[in-house]
Each structure stands twice: as C-alpha cells, then as structure tokens.
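Trainee: Dropping the structure in here first, questions after.
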Amino acid sequence: MSQEPLRLLIVGAHPDDADYAAGGLAALYRAAGHVVKLVSLTNGDVGHHMKTGRGLAERRRQEAAAAGAVIGASYDLLNNHDGELMPTLENRRHVIRLLRTVRPDLVLTHRPNDYHPDHRYCSMLVQDAAYMVTVPGVAPDTPHLASNPVIAYLPDDFQKPYPFTPTVVIDVGKVIDRIVDMLHCHTSQFYEWLPYNSGIADKVPADDAGRRNWLAAQTQDRLRARALKHRELLRQRYGRERGDAVQYAEAFEACEYGAPLNEAAVERLFALRE
C-alpha cells in the first residue's frame with residue numbers, strides 16, 4: 001500500500017446503490033487500510049410500498065449507516081427526495097463540494113443511460129462536477145482540487161445507446177460474505193420493497209438467518225454471472241489459471257470525463273490483493 005491511503009468515493013442515487021454495485025471493492029479498500037465513503041444523493045423516502053416520507057428516510061439512513069459500519073466506512077444520505085433528483089446547478093455545486101471535501105482518488109457512479117431517472121441524473125451530476133472541481137471560481141467556498149479524480153461507472157445490463165463495457169474486472173470472492181452482510185442491513189429494500197416490486201414477496205423467508213441465506217444466494221448468482229460474462233478480462237488481469245477460477249466479480253467502466261483510467265491507474269487503484 002502507498003504511504004497515503006487511497007480514497008474511494010461511491011456516489012449512488014439511493015441508499016443501497018453503492019454497496020449493491022461496488023460493495024466488494026469497498027470491502028477490499030477497507031481491508032487494505034484505505035478510506036471509503038459511500039453517498040446517496042437522495043434520502044430514499046419513497047422506496048417502499050407501505051411507508052413513505054420522513055420515517056422511511058430515517059429508517060433508510062439507519063440501514064445505510066449499519067451497512068457502512070460492516071466495513072468501517074461512512075455512508076451519507078443527502079436530503080433530496082427519492083424519485084425527484086434533478087441535475088440542477090444547486091445539486092451540481094453540492095457534488096462539486098463533496099468531491100473537493102473527500103478528495104477521492106477514485107469516484108464510482110451510475111452510467112448516464114439507466115432505467116431510473118435518479119440514476120441517470122446522479123450520473124450526470126458527477127459528470128458535470130468533473131473538471132469543474134479544479135476550477136477555483138466554481139463554488140469558491142470549498143478549496144478546489146489540483147487535478148481531476150479518476151471516475152468510473154458502476155455496472156448495468158442496459159444495451160442502448162451502448163452496453164456497459166468494463167475497463168477493469170476484479171475478483172471479490174474473498175469478500176463475498178462482507179457484501180452480503182452490507183446488503184443484509186438494508187431490510188426495507190432487499191426483504192420488503194424490492195421483493196414486493198418484483199412480485200416475489202412470498203418467497204422471502206420469515207427468519208433472519210433464512211433471509212440472509214436467501215439474499216446470499218441471489219448475490220452469489222449475480223456476481224457469478226458477472227464473472228462468467230467477463231471471463232476473458234479476468235484472464236487478462238490475473239492470468240488464465242486464476243482468471244478461470246474466479247467465482248464472483250465486480251466490473252467498472254472508465255468515464256472519460258475524469259482522469260484517465262490507464263494501466264498505471266488500474267494498477268494503483270485496483271491492485272488490492274483481491
């Protein structure tokens with residue numbers, strides 16, 4: 001590890017977006033002694049079929065805090081309403097100040113083409129903050145950065161206008177249990193709202209241990225599929241023998257608005273003995 005710890009900032013639209021898509025990388029960063037900050041640009045106050053408003057926002061804040069605590073990371077929620085995030089100038093300045101305050105080496109966020117408007121606008125806000133973080137006259141109340149951080153996109157399966165094209169794929173097998181532990185904290189989402197919204201609420205086990213096992217199986221299936229889909233990139237990264245042995249993977253795509261995610265940057269930011 002370098003003398004100065006690396007700083008990872010994951011900016012999602014909702015509480016649970018960050019750890020759902022990059023919980024493995026976050027866990028690896030923390031295990032290596034690096035700094036991790038997870039952020040949701042909305043407070044999640046409509047992400048449920050029975051509860052909304054301030055009470056739900058507070059519940060989701062507590063769930064996110066517990067998820068961050070699993071790996072020793074902070075997890076902050078901004079006070080934008082769920083489903084109403086907009087790429088306003090005010091929100092752009094907020095994201096600029098966030099990046100300047102955290103001083104991340106690596107920023108992860110959604111891609112701009114996504115099913116959820118909050119995801120799309122979250123991506124746009126991070127993209128619009130890129131470069132502007134280096135301009136002293138923009139949001140001058142927060143000291144500007146000397147250079148752009150590396151920015152990369154979280155994975156998705158949408159195909160238009162172009163499919164997710166990973167720049168780096170990492171083995172997260174060593175931390176698969178930590179990923180599940182983090183997601184398990186988001187009770188309102190993974191055991192209530194998302195099963196209801198998907199029409200499988202009747203399949204959620206009633207007991208805590210059964211629920212975690214059920215969620216673990218889903219998470220393993222999802223990250224196993226990611227490894228299978230990007231097997232050739234795993235071989236390129238780890239060599240054929242280990243690349244073929246990777247069971248669970250996370251993948252990230254470079255955003256050209258940040259600093260270049262070249263070979264040197266990949267080695268610096270992703271070589272975490274995963």
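Trainee: Under a point spin-label approximation (7 Å from Cα along Cα-to-Cβ), what is the GLU256-SER147 distance to one decimal in nm?
Mentor: My value for the distance between the label points is 2.1 nm.
Trainee: Now a separate question. How much solvent-accessible surface does VAL246 expose, in Å² to the nearest 10, with a 1.4 Å probe and all protein chains in place?
Mentor: 10 Å²
Trainee: Hey, with R₀ at 22 Å, roughly what FRET efficiency would ASP157 and THR101 work out to, going by the Cβ-Cβ distance, to 0.05?
Mentor: Computed FRET efficiency for ASP157 and THR101: 0.10.
Trainee: Order MET50, MET132, MET86, most accessible first, counting only protein heavy atoms with a 1.4 angstrom probe.
Mentor: Most to least solvent-accessible, the answer reads MET50, MET86, MET132.
Trainee: Moving on to the next point. Go through LYS51/LYS174; LYS37/LYS203; LYS174/LYS203; LYS174/LYS229 and tell me which ones have a Cα-Cα distance over 30 Å in this structure.
Mentor: From LYS51/LYS174; LYS37/LYS203; LYS174/LYS203; LYS174/LYS229, over 30 Å: LYS51/LYS174; LYS37/LYS203.
Trainee: Further question on the same structure: Grab the DSSP H runs of the chain that are 4 residues or longer, score each as -39,500 (n - 2.57), total them, divide by all residues and round the 222 nm result to the nearest 500 deg cm²/dmol.
Mentor: Calculated at 222 nm, the ellipticity per residue is -13500 deg cm²/dmol.
Trainee: Let me ask something else. Per the 1.4 Å probe, what fraction of the accessible area of the chain, in percent, lies on carbon and sulfur atoms?
Mentor: On the chain, the fraction of accessible area on carbon and sulfur atoms equals 51 percent.
Trainee: If you don't mind, there's one more thing I want to ask. For GLN236 and VAL135, FRET efficiency with R0 = 35 Å and r from the beta-carbon atoms, rounded to 0.05?
Mentor: 0.45
Trainee: May I ask you to list the chymotrypsin sites (Phe, Trp or Tyr not before Pro) in region 203-274 that are in a DSSP loop and have at most 16 other Cβ atoms within 10 Å of their Cβ?
Mentor: Here the sparse-neighbourhood loop sites are TYR257.
Trainee: Heavy atoms of the protein only, probe of 1.4 Å, neighbouring chains included. What is the accessible area of LYS203 in Å², nearest 10?
Mentor: The accessible area of LYS203 comes to roughly 120 Å².
Trainee: Can you give the FRET efficiency for GLU58 and GLN220, using 1/(1 + (r/R0)^6), R0 = 45 Å, r = Cβ-Cβ distance, to the nearest 0.05?
Mentor: Efficiency, from the Cβ-Cβ distance: 0.90.
Trainee: Right, here's the next one. If each residue of separation counts as 0.36 nm, what is the full-extension length gain between ALA271 and GLU90 once their alpha-carbon separation is subtracted?
Mentor: 61.6 nm
Trainee: Here's another thing I want to ask about it. Specify the residue with the greatest mean-square fluctuation among ARG211, ARG242, ARG231, computed from a Gaussian network of the chain linking alpha-carbon atoms under 10 Å apart.
Mentor: Maximum fluctuation in the GNM of the chain, among the listed residues, is at ARG242.
Trainee: Hey, can you find the accessible area per residue of region 149-219 for me, probe 1.4 Å, expressed in square angstrom?
Mentor: Ligands and nucleic acids excluded, the result is 47 Å² per residue.
Trainee: For GLN247 paired with ASN79, estimate the spin-label separation in nm (one decimal), with each label point 7 Å from Cα along the Cα-to-Cβ line.
Mentor: Roughly 4.5 nm, to one decimal.
The values are calculated or read from the model by the stated rules, or taken from the named source; none is laboratory data. All figures in this text were calculated on a predicted structure; none of them were measured in a lab. Using ideal geometry, Cβ is built from the backbone for each residue, glycine included, and neighbour counts are taken over all protein chains shown. All accessible areas refer to the heavy atoms of the entire protein, side chains included, with ligands and DNA or RNA removed. Shrake-Rupley method; radii C 1.70, N 1.55, O 1.52, S 1.80 Å.
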